[in-house]
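Below: the structure, in structure tokens.
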Amino acid sequence: MRPLLGLIILLVFSGVAEAHHNQPPVLPTPGGRLGSPTFVIQKVLERGYLTYSFDVGAANYPGFRQQAADVAWAGLAVVGIPAGEVASNPDLWLTMPEDQLFIRICGQGAAACILYWTDPIVVYFRRALFYSDWRGALAHEGIGYGHTFLQHEQYDDINFRCLRQTWTVMDCSSGVWWQQEYDTFSVWSIVVPDRPRDVSFDVAGSWATVGWSNFRADGGEGHNGNPYNDNATRIAFGFARPGDPIQWVGEICPDLCYAPYSAGYRGFDAWWRPGCFYIRAENATLAGTFVPQISQEGHWGQAVGCW
């Protein structure tokens, strides 16, 4: 792949070098911090899943719909991001245009290319290649991983040669379409929040306020150097009476399940006294899954405050 008119391109043979990415782990997002969620990723984090649709050419290409479903299932099974086909208004638009249009957009040497920061994301596939198996290209461009989730190229980005490396889907011509450990952790670096760096617990009369900052406790170590918790969309609260195990407050009082992460605080009345409060930064996509947070010990970590 190479940047051409703002597109990321998957090469099927060597071409003339036009740029050099230096192969960082993640793609830049225009106008944002390195690795910050795109419009579509932000929707996925808040809603909990990705959607995709096909144009007529892609929908009618033999086996393409099932191969897309295979890649989507792989993204759920390993990375933890659900993705499903919808009839309209998708997050990801999979297209097979006429060949001259494809070449004009993606270039002669490409099998597929993507506009990864648009909403919806658009992926072009070169139907004229008559591939029987598009899963490598689908995985590379991404349904639950790949460029859709900001993974960068890992082929020879100076000479634009496929290296056929099998430790990632981000090389080319390797036959690998099921994400490897490298791919999983690359996507998690984009979507997994961390424990807030700064927390507070203030008591005024019969009212306690739990507060948190927008900075990650890991300083950005698990987020491509980005110190902000910009992939957290909500705060979940844990609570424990003296001597009792921690419970999610939603099990006790459903009206207090979560607070928007952007709010920065949540108040609790005297009914919750005595007891201790805990918080967990989350997004809907990975909430309650097996994915660990780099600075969080266990699910709830340490108490924010007790009264």
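In the chain, taking the dipole from charged Cβ atoms about the Cα centre, the farthest positive-side position among P274, V71, G144 is held by P274. Shown for the chain: cysteine residues without a partner Cβ closer than 4.7 Å, namely C253, C257. Using only side-chain charges placed at the Cβ, +1 for Lys and Arg and -1 for Asp and Glu, the dipole size of segment 123-265 relative to its Cα centre rounds to 300 debye.
The fewest-to-most ranking of D91, D198, D218, D183 by surrounding Cβ atoms within 10 Å reads D198, D218, D91, D183.
Considering helices alone, the calculated mean residue ellipticity of the chain at 222 nm is -5000 deg cm²/dmol, with DSSP H runs of length four and up weighted by -39500 (n - 2.57) and normalised per residue.
Between amide H atoms placed 1.01 Å from N, distances below 5 Å from G142 occur with H147, T148, all of them 5 or more places distant or on a separate chain. Of L27, L163, the sequence from fewest to most neighbouring Cβ atoms within 10 angstrom is L163, L27. Less than 5 angstrom separates the built amide H of Y52 from those of G84, E85, V86, D91, L92, all sequence-distant by 5 or more or on a different chain. Among I158, I121, I246, I114, a tally of other beta-carbon atoms within 10 Å of each Cβ gives an order, fewest to most, of I158, I246, I121, I114.
The string of couplings for segment 255-264 from the Karplus curve (6.51, -1.76, 1.60, θ = phi - 60°) is 5, 10, 3, 9, 10, x, 4, 5, 5, x Hz, one whole number per residue in order, with x for Gly and Pro. Think of each Lys and Arg Cβ as +1 and each Asp and Glu Cβ as -1; about the Cα centre, that makes the dipole of segment 199-306 roughly 120 debye.
In this structure the amide hydrogen of L163, modeled in the peptide plane, comes within under 5 Å of the amide hydrogens of D156, C172, none closer than 5 places in sequence on its chain. Its Cα centre serving as origin, the chain has a Cβ charge dipole (Lys and Arg +1, Asp and Glu -1) of approximately 120 debye.
Under the rule a/c < 1.5 gives rounded, and otherwise a/b versus b/c splits prolate from oblate, where does segment 3-190 land using the Cα gyration tensor? Rounded, since a/c falls under 1.5. In order along segment 294-307, phi translates into HN-Hα couplings of 4, 9, 9, 7, x, 6, 9, x, 8, 5, 6, x, 10, 8 Hz, rounded to whole numbers, per the Karplus curve 6.51 cos²θ - 1.76 cosθ + 1.60 with θ = phi - 60° and x for Gly and Pro.
In order along segment 267-274, phi translates into HN-Hα couplings of x, 10, 8, 5, 4, 7, 9, x Hz, rounded to whole numbers, per the Karplus curve 6.51 cos²θ - 1.76 cosθ + 1.60 with θ = phi - 60° and x for Gly and Pro.
Read the figures in this text as sums done on the coordinates, not as results from a lab. Source: prediction; values computed, not measured. Cβ coordinates were reconstructed from backbone atoms using ideal geometry, including for glycine residues, and neighbour counts include every protein chain displayed.
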